[in-house]
């Protein structure tokens with residue numbers, strides 16, 4: 001039997017159906033984000049040179065009216081409780097040196113302004129990129145004489161959120177010129193397109209090829225990382241970027257890398273670059 | 001039970017050559033001219049079972065990506081793939097079988113997982129290595145259900 005004509009006929013119908021469906025599909029919502037009627041957030045930006053998509057769009061545009069409203073009001077944003085915990089940790093003395101973050105960095109509103117927008121950045125001493133979580137741990141060990149935070153434990157999420165929140169509204173920009181950042185970017189890009197697991201999906205399968213569409217009730221975004229740690233309504237808690245990376249990879253039914261491993265640091269460098277130009281939204285509110 | 005297995009094996013053997021107790025092994029499925037002409041098992045697909053597998057989030061989870069008016073009672077149908085309304089009219093069962101077994105054999109760029117294929121991604125979860133998403137019989141059941149979507 002010759003099946004090819006059935007394929008052609010079937011495809012024709014399938015394409016028509018998809019096209020018709022696409023006209024009723026809500027893509028990213030047209031709206032602007034101003035937090036507390038004061039801080040303007042860049043939620044759409046021209047993409048960086050070499051980016052496969054023409055425009056980068058914050059995940060905020062893919063969420064429901066009520067979720068978007070929560071992020072626009074810092075009293076309604078559940079993630080702000082974490083930021084407040086982080087503020088308290090900033091001034092808490094820990095470790096053998098009798099220091100807190102504040103002992104050296106004083107007022108975070110001044111000393112940390114803009115910092116969250118330029119991480120991850122190259123760290124010469126360790127010969128790898130460093131994110132805010134690793135920066136905090138290095139400070140705790142080297143300067144405070146304290147134990148490093150374990151992944152997602154202790155004050156890691158709230159303190160990271162607090163520090164990133166000091167850059168709220170600042171456009172994200174990673175410096176790929178420093179050290180070997182370009183090499184890590186390339187490794188991250190490779191991972192972004194690597195299909196994993198029994199379900200055989202890559203980051204790109206959902207967030208590049210199908211953003212704007214729904215997987216059941218979930219509206220697929222571009223997967224930009226400018227809002228992490230993010231307040232996820234599903235967990236009612238701050239969720240770190242590496243937790244989300246691991247969750248996504250796990251959902252492809254694959255073994256997933258350790259937090260802060262070379263793989264996930266490379267992926268952080270690459271995905272941060274993909275969202276360049278968007279404002280830091282930490283703590284963003286998501287589904 | 002044993003007799004059924006033997007009959008099943010013989011039928012499978014006669015049709016395709018290499019079989020395991022519950023059907024053709026995933027790496028022995030023959031795709032020819034985009035079609036899998038021979039059912040994967042000797043037990044005819046059960047559309048009612050197939051409907052359950054289609055909707056089950058741990059099995060087919062087909063609604064994650066496809067809309068299906070036959071399941072209008074379920075909320076939130078996906079949009080990543082085409083609607084399956086009329087799939088049974090559009091596609092021959094032999095083609096539907098290929099699409100469910102390994103859609104990439106027909107649409108190389110698709111993101112659709114192969115439900116009875118070992119052509120999978122990297123770093124597969126240890127307990128799933130060498131295993132397929134659906135069993136051969138479940139594929140036959142889903143194909144039988146898709147055939148009813150006219």
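List of remarks:
- Just one of the numbered conditions (1) modelled with pLDDT of 95 or more; (2) within 7 Å of chain A (Cβ to nearest Cβ) is not true of residue B:60: (2).
- Hits in the stretch B:45-57 (condition: more than 9 Å from chain A (Cβ to nearest Cβ), assigned to a loop (DSSP other than H, G, I, E, B) and more than 13 Å from the chain's Cα centre (by Cα)): B:56
- Residue A:163 satisfies every condition listed in (1) in a loop (DSSP other than H, G, I, E, B); (2) in contact (Cβ under 8 Å) with a residue 24 or more places away in the chain; (3) surrounded by 21 or more Cβ atoms within 10 Å (Cβ to Cβ); (4) touching a helix residue (DSSP H, G or I) at 6+ places or on another chain (Cβ under 6 Å) except (1).
- Near pairs, Cβ below 8 angstrom, 6+ apart or cross-chain, from the stretch B:121-137 (more than 7 Å from chain A (Cβ to nearest Cβ) and on the phi < 0 side of the Ramachandran plot) to any residue that is at pLDDT 95 or above and surrounded by fewer than 19 Cβ atoms within 10 Å (Cβ to Cβ): B:132/B:118; B:134/B:59; B:137/B:43
- Flag for residue A:212 being farther than 14 Å from residue A:273 by Cβ and at the interface with another protein chain (Cβ under 10 Å from one of its Cβ atoms): yes
- Within the stretch B:94-120, the set of residues being assigned to a helix (DSSP H, G or I), more than 8 Å from chain A (Cβ to nearest Cβ) and under 11 Å from the mean Cα position of the chain (by Cα) comprises B:96, B:97, B:98, B:99, B:100, B:101, B:102, B:103.
- When A:145, A:154 are checked against the criterion of being more than 20 Å from the chain's Cα centre (by Cα), under 20 Å from residue A:96 (Cα atoms) and surrounded by fewer than 16 Cβ atoms within 10 Å (Cβ to Cβ), a single residue qualifies: A:145.
- Condition met for residue B:99 (free of Cβ contacts under 8 Å to residues at least 24 places away in the same chain and either under 29 Å from residue A:203 (Cα atoms) or out of contact with any strand residue (DSSP E or B) (no Cβ under 8 Å at 6 or more places or on another chain) (or both)): yes
- Looking only at residues of the stretch A:224-262 that are within 21 Å of residue A:116 (Cα to Cα) and within 14 Å of chain B (Cβ to nearest Cβ), we find that the one that is surrounded by the most Cβ atoms within 10 Å (Cβ to Cβ) is A:245.
- Tally, over the stretch B:75-93, of residues that are in a helix (DSSP H, G or I) and either within 11 Å of the chain's Cα centre (by Cα) or surrounded by 21 or more Cβ atoms within 10 Å (Cβ to Cβ) (or both): 3
The values are calculated or read from the model by the stated rules, or taken from the named source; none is laboratory data. Fair warning: this is a prediction, and the values are worked out from it, not measured in the lab. Here Cβ is always computed from backbone atoms with ideal geometry, including for glycine, and neighbour counts include all displayed protein chains.
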